[in-house]
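These notes are about the structure you will find just below.
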Amino acid sequence: MVAQHTVKAFDDELARLHGLIAEMGGLAELSVHEAMDALVSGNLELA
């Protein structure tokens, strides 16, 4: 059935997007953590 295939493809794409968004969130968290470390340590090169 075409409808089932379309729904499966849509669900797969949503799962992929969920993973990418989670990865982006992790990278943003790491960036904020590193920026805070740079501010606390006064490391202008790291900032």
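Quick rundown of the values:
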{"quantity": "Nearest-ten-degree value, helix 2-41 long axis tilted from longest Cα axis of the chain", "calculated": "0"}
{"quantity": "Cα pair distances of the chain binned at 5 Å [whole percent]", "calculated": "5, 20, 12, 12, 10, 8, 9, 6, 6, 5, 4, 2, 0"}
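Since every read-out is calculated from the coordinates, none of them should be taken as a lab result. In this text the structure is predicted, and so the values were computed from the model without any measurement.
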